[in-house]
Amino acid sequence: MERAIGGIAAIKGQPDKEVLIQKLQNEVYALQRNKKVQSVITEVELGPIIHAFPKNIFPVGAIHEFISYEATHAAATTGFMMGLSAQLMQTQGNCLWVSTNRILFPSALKHFGINASRIIFIDLTKPKDVLWAVEEALKCSSLSLVIGEVSDISFNDSRRLQLAVEQSNVTGLLHRFNPRMQNTLASVAKWKVMPVASSLAEELPGVGFSRWRVELLKVRNGKPDVWEVEWSENSYQFITTQTIGQRISKRKTA
Amino acid sequence: MQKRFVSIWFRHLLTDWFTRRRPELRDVPFVFAAPERGRMIIKAVNPVAAANGIHIGMVVADSRAILPEVQVFNSQQGKDITLLSALAEWCIRYAPIVAIDPPDGLILDVSGCAHLWGGERPYLRDMVTRLSAFGYQVRPGMADTVGCAWAIARFGRLKLIVDAGGQVEALQHLPPVALRLENGIAEKLEKLGLTEIGSFMNMPRAALRRRFTDNLLLRLDQALGQGIEYVQPIKPVEPYQERLPSLEPIKTAPGIEHALRTLMEKLCKRLSTEEKGLRKAVFKCYRIDGNIQAIDIGTARPSRNVVHLLKLFEIKICQIKPALGIELFVLEAPVVEILSSSQDAIWNFSYNREMEIAELLDRIAVKVGMNTIHRYLPDEHHWPERSYKLATSLQEEASTTWRDDLPRPVHLLPNPELIEVTVAMPDYPPMLFKYKGNLHRVQKADGPERIEQEWWIEQGLYRDYYCIEDDKGERYWIFRLGHYQHAEPKWFIHGFFA
């Protein structure tokens with residue numbers, strides 16, 4: 001209480017309010033995340049998406065949930081996740097990929113700037129083992145990233161994962177393909193990625209770069225939104241700053 | 001020194017063992033049988049069945065004709081060897097050198113052992129009494145040579161102990177079979193009327209060799225003590241234990257650490273030669289005042305990594321109270337498991353970061369098995385299924401780089417799935433295709449990218465791959481197998497692009 005009054009007094013006394021407000025926000029943010037703000041935060045280039053997150057910082061050391069219902073949507077989701085992973089793994093980090101019935105093609109990952117040799121795959125048969133392995137992996141602070149492909153996960157299980165990452169600061173990406181229940185998870189963000197028709201310059205034949213409609217369905221302390229993203233030249237390219245609604249009406253029908 | 005050997009003959013090894021396990025079969029005739037050329041042949045007979053005229057080598061059906069109530073059990077391959085090995089290990093109490101003599105005997109080199117039991121007679125009596133108490137019918141034979149002891153155990157009539165140098169006399173009246181001859185030689189001898197060893201023992205060697213081969217002479221020499229015979233002693237498993245006595249009592253922590261490191265290195269060296277790893281280790285310090293200080297560790301999986309194990313011990317070293325000093329250090333591994341060298345490779349990390357990952361993988365491997373952990377390296381093949389290979393260890397480096405010059409789908413189906421297509425022209429991508437009952441209209445397409453089957457690995461048709469995008473913006477990787485020559489080629493879906 002004393003500190004807060006001190007803060008207000010300082011605001012009144014000093015003209016540079018911005019700095020103080022920033023400082024207070026940092027404190028609030030640190031309390032909300034239940035840990036210290038990391039001095040070194042992995043910079044994740046996400047263009048306009050970054051504005052959806054609190055403080056315009058992509059939350060690392062948290063659980064992100066991805067949801068998909070069709071095989072092609074799952075592939076698009078994997079593509080988007082790989083773009084994120086490349087940045088989270090950077091040059092040195094290792095990634096653990098825990099899944100059942102994995103169909104990821106390691107040879108395709110170079111396209112997203114990932115050296116597939118730095119991913120360790122754990123291929124399990126029981127979904128229960130996947131949860132266990134993801135939790136164990138999230139506790140290991142030497143990993144940069146843990147990707148879990150698990151369809152059904154209860155809220156309590158996701159809480160366990162969240163507690164694990166709070167200790168270790170590892171980022172966890174959960175890909176839920178065709179879940180039986182659309183239950184809420186204790187994740188920092190919930191994403192849905194769907195493929196969108198690609199486009200090349202006028203009159204050019206062939207398939208263009210991967211293009212997705214990325215929906216941020218839920219984000220803690222942030223603003224959910226929808227974007228259209230293309231993966232080209234090893235980074236995300238944002239199609240437009242206009243809202244999708246406007247874009248759809250403008251788009252020519254094929 | 002005068003050599004003395006004991007041969008122990010287990011008359012009904014397998015059946016005695018079985019009766020020991022199932023005492024209700026003591027007075028029941030039963031046999032062990034195994035299929036041989038489409039018939040069930042008797043492999044072992046218990047005394048009750050033997051008394052009724054059933055013998056080894058008889059067909060089960062015949063034995064049933066003789067004795068309808070005979071019980072038949074399946075004989076287990078190699079059971080006799082395991083039984084004999086166990087008995088041989090037990091017999092080490094009688095002599096340091098014990099060898100198994102399949103199918104039903106043991107050989108003990110008892111030179112200089114019998115006097116500890118008060119002479120050869122009490123020695124043999126003790127042996128027979130104890131083995132009989134277990135339920136085994138045994139007959140021992142003792143002589144200067146293995147051959148003679150063997151013959152006396154099985155064919156001796158009066159004396160079971162042959163005095164030193166008395167082989168000739170002892171063997172004189174035994175049949176030729178008692179010489180452990182190769183197939184057919186004994187029969188040949190019997191046919192010629194040489195029914196006792198004594199009748200041909202003194203014949204000219206050249207004549208014997210010509211008619212009965214070297215085997216007879218060799219066995220005769222071995223039995224009489226003129227030839228050398230080696231026995232292959234069993235090696236009982238030594239406990240995994242290392243000892244380090246110290247000249248001066250050790251009192252300091254660095255001293256204890258040094259002792260522990262020395263012992264651990266020795267133990268791990270032994271473990272690595274035997275492809276084993278320890279699961280539990282106990283470090284005992286014998287103090288000069290007679291007190292024993294012990295610390296122990298356990299690992300989640302077998303390990304023989306000195307650094308890792310010392311790290312586990314490090315935390316507990318402070319618990320040791322050296323008091324006036326420690327005069328003897330002992331490191332024991334009470335629980336040891338098989339650890340192959342490929343698993344061991346995972347530990348060879350120099351970095352702490354990778355160490356932690358290795359420990360994590362260690363825990364995962366313990367819970368769900370080593371075969372669930374995969375890591376891939378690029379391989380120089382165009383064929384998609386062969387474009388990557390499994391890495392053998394975590395630190396294996398790729399000899400080539402991953403490629404990104406050609407479009408490859410993020411999701412690749414393990415088996416390409418058949419689709420129905422409508423194609424306007426050959427070598428063109430399809431206009432429509434049907435996958436899992438859904439119709440997809442192709443809007444955009446790239447291709448074909450022809451990938452030939454590698455004939456030196458596998459024979460088969462080439463694939464023409466197309467990247468296509470349908471009206472919903474979903475991107476697929478499909479291919480046509482082979483060419484349009486005789487019949488319509490088949491189309492498959494192989495992957496999904498992001």
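The values are calculated or read from the model by the stated rules, or taken from the named source; none is laboratory data. Every value quoted in this text rests on a predicted model; they were computed, and no experiment measured them. All Cβ positions, glycine included, derive from the backbone under ideal geometry; neighbour counts span all protein chains shown. Surface accessibility is based on the protein's heavy atoms, side chains included, excluding ligands, DNA and RNA. Shrake-Rupley method; radii C 1.70, N 1.55, O 1.52, S 1.80 Å.
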Taking the 0 to 90 degree range and rounding to the nearest ten, how far is the long axis of helix B:146-155 tilted relative to the main principal axis of chain B, both from C-alpha atoms? 70 degrees
Along the principal axes of its C-alpha atoms, what lengths does the protein assembly as shown span, in descending order and rounded to whole Å? 119, 89, 50
Cleavage-rule hits, trypsin sites (Lys or Arg not before Pro), segment A:130-208, DSSP coil, Cβ neighbours within 10 Å at most 12: A:ARG180
Any chance you could list the semi-axes, whole Å, largest first, of the equivalent ellipsoid that the Cα gyration tensor gives for segment B:241-339, using √(5λ)? 24, 13, 11
At 1.002 mPa s and 20 °C, plugging the Kirkwood radius over alpha-carbon pairs of segment A:48-250 into Stokes-Einstein gives what diffusion coefficient in µm²/s? 123 µm²/s
Pulled fully out, how much extra length does the chain show between B:LYS434 and B:GLU396, if you take 0.36 nm times their separation in residues and subtract their Cα-Cα distance? 9.4 nm
Given the -39500 (n - 2.57) contribution per DSSP H run of 4+ residues, what per-residue ellipticity at 222 nm results for chain B, rounded to the nearest 500 deg cm²/dmol? -9000 deg cm²/dmol
Roughly speaking, what % of Cα-Cα pairs in chain B are separated by over 30 Å, rounded to a whole number? 71 percent
Can you list the residues in segment B:384-406 whose accessible area drops by at least 20 Å² when all protein chains are present, compared with the chain alone? Use a 1.4 Å probe, heavy atoms only. B:SER387, B:TYR388, B:TRP402, B:ARG403, B:ASP404
What Kirkwood hydrodynamic radius do you get for segment B:148-296 when you take the inverse of the mean 1/r over all pairs of distinct Cα atoms, in Å? 20.7 Å
Go through segment B:118-218 and name the trypsin sites (Lys or Arg not before Pro) that are in a DSSP coil and have 16 or fewer other Cβ atoms within 10 Å of their Cβ. B:ARG157, B:LYS159
State which entries of B:LYS251/B:LYS316; A:LYS126/A:LYS192; A:LYS223/B:LYS472; B:LYS3/B:LYS79; A:LYS126/B:LYS436; A:LYS55/A:LYS190 exceed 20 angstrom in Cα-Cα distance in the structure shown. A:LYS126/A:LYS192; A:LYS223/B:LYS472; B:LYS3/B:LYS79; A:LYS126/B:LYS436
When every protein chain stays in place and a 1.4 Å probe is rolled, A:ASP129, A:ASP157 sorted by accessible area with the largest first are A:ASP157, A:ASP129
If you line up the long axis of helix B:253-273 against the longest principal axis of chain B, both from Cα atoms, how many degrees apart are they, to the nearest 10? 90 degrees
Could you give the angle, 0 to 90 degrees to the nearest 10, between helix B:205-224's Cα long axis and the longest principal axis of the Cα atoms of chain B? 80 degrees
For segment B:411-496, what value does the Rg/Rh ratio take when both radii are computed over Cα atoms and Rh is the Kirkwood radius, given to two decimals? 0.96
Pseudo-spin-label distance A:ILE57 to A:THR100, built 7 Å along Cα→Cβ, given in nm, is 3.7 nm
Quick one: which residues, 5+ away or cross-chain, put their amide H under 5 Å from the amide H of B:ALA294? H built at 1.01 Å from N. B:CYS285
Rounded to whole angstroms and listed largest first, the alpha-carbon spread of segment B:361-446 along its three principal axes comes to 54, 31, 16
What percent does the relative contact order of segment B:1-236 come to when contacts are Cα pairs within less than 8 Å and at least six residues apart? 22 percent
So, with a 1.4 angstrom probe, what is the percent of accessible area on the protein assembly as shown that is carbon and sulfur? 52 percent
Just tell me the longest site-free run in chain B, where the sites are chymotrypsin sites (Phe, Trp or Tyr not before Pro) in a DSSP loop having at most 16 other beta-carbon atoms within 10 Å. B:1-229
